[in-house]
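Student: First the structure, then my questions, so here it is.
The values are calculated or read from the model by the stated rules, or taken from the named source; none is laboratory data. Just so it is clear, the structure is predicted and the values come from calculations on it, not from any experiment. Cβ sites come from the backbone with ideal geometry, for glycine too, and all protein chains shown count toward neighbours. For accessibility, only protein heavy atoms count, side chains too; no ligands or nucleic acids. Shrake-Rupley method; radii C 1.70, N 1.55, O 1.52, S 1.80 Å.
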Amino acid sequence: DVKVTQSSRYLVKRTGEKVFLECVQDMDHENMFWYRQDPGLGLRLIYFSYDVKMKEKGDIPEGYSVSREKKERFSLILESASTNQTSMYLCASSLWGQGIMNTEAFFGQGTRLTVV
Amino acid sequence: QKEVEQNSGPLSVPEGAIASLNCTYSDRGSQSFFWYRQYSGKSPELIMFIYSNGDKEDGRFTAQLNKASQYVSLLIRDSQPSDSATYLCAAEPGGGADGLTFGKGTHLIIQP
């Protein structure tokens, strides 16, 4: 069974703290993604990575950074947490390659982060 | 800007009827399209994907794609209360690493 695992289901952090969200996949996928999901705004892409040590900005990268030191692991970092980063964070992974039509994104269980 | 548009709903359908969910996309280069189901508080899970014009059936679900009209739909036959969820439509440019562009989702309610 394919698996994307996020390190925490629920997290409460204080304003200004540095926050690490970890994601691990066991499918040997090249692509990994971090989304945040907010009511009325849907899923928004923060960052993605298509290879080890490679990263690309998504639609809303401000206030975030990422790290991908190993193929299976993709970390999202909130450098200085703020209350407007309170959200559900979803990690996903998928295959990559020209001609691959099923690039289904497999999601982790999500991390609900509250910044107080 | 690549966009995927969906009616947010809620869409209310009687149990046993056909639920019809619609989606339009702006990027003509999109090649593959995905329908995800998301229950409240859970992560999205894939129902179907489609990349050829026409219909694709899987059990009670049928996905329809019309690339000329840039339109994707999902039909759910014999709707069940367990189908009540938010349905996300997503488009992918095709073989690339940019990831899926998601619509905001349609909230579907199946009334017993």
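Student: Give the residues of segment A:28-55 that are more than 16 Å from B:Y36 (Cα to Cα) and of a type in the set (S, T, Y), sorted by residue number.
Tutor: Those that are more than 16 Å from B:Y36 (Cα to Cα) and of a type in the set (S, T, Y): A:Y47, A:S49, A:Y50.
Student: Could I ask something else about it? Step by step: first the residues of segment B:64-92, then only those that are open to solvent by 10 Å² or more (accessible area, probe 1.4 Å), within 13 Å of the chain's Cα centre (by Cα) and closer than 20 Å to B:E15 by Cβ, then the one that is nearest to the other protein chains (Cβ to nearest Cβ). Which residue is that?
Tutor: For segment B:64-92, the residue satisfying everything is B:T86.
Student: Being open to solvent by less than 20 Å² (accessible area, probe 1.4 Å) and within 14 Å of chain B (Cβ to nearest Cβ) is true for just one of A:A92, A:A81. Which residue is that?
Tutor: Residue meeting the stated conditions: A:A92.
Student: Looking at (1) closer than 22 Å to A:E30 by Cα; (2) among the hydrophobic types (A, V, I, L, M, F, W, C); (3) exposed (fewer than 15 other Cβ atoms within 10 Å of the Cβ), which is the one condition that is false for B:A17?
Tutor: Here B:A17 meets the rest and fails (1).
Student: Quick one: which residue in B:P44, B:P10 is surrounded by 20 or more Cβ atoms within 10 Å (Cβ to Cβ) and within 22 Å of A:P39 (Cα to Cα)?
Tutor: Exactly one of B:P44, B:P10 is surrounded by 20 or more Cβ atoms within 10 Å (Cβ to Cβ) and within 22 Å of A:P39 (Cα to Cα), namely B:P44.
Student: Residue under question is B:G99, and the condition is that it be loosely packed, with under 14 Cβ neighbours inside 10 Å, out of contact with any helix residue (DSSP H, G or I) (no Cβ under 8 Å at 6 or more places or on another chain) and not in a strand (DSSP E or B); does it hold?
Tutor: When the stated conditions are applied, B:G99 does not pass them.
Student: Suppose we filter B:F34, B:F61 for residues that are farther than 22 Å from B:E3 by Cα, among the aromatic types (F, W, Y) and surrounded by 12 or more Cβ atoms within 10 Å (Cβ to Cβ); which single one remains?
Tutor: Residue meeting the stated conditions: B:F61.
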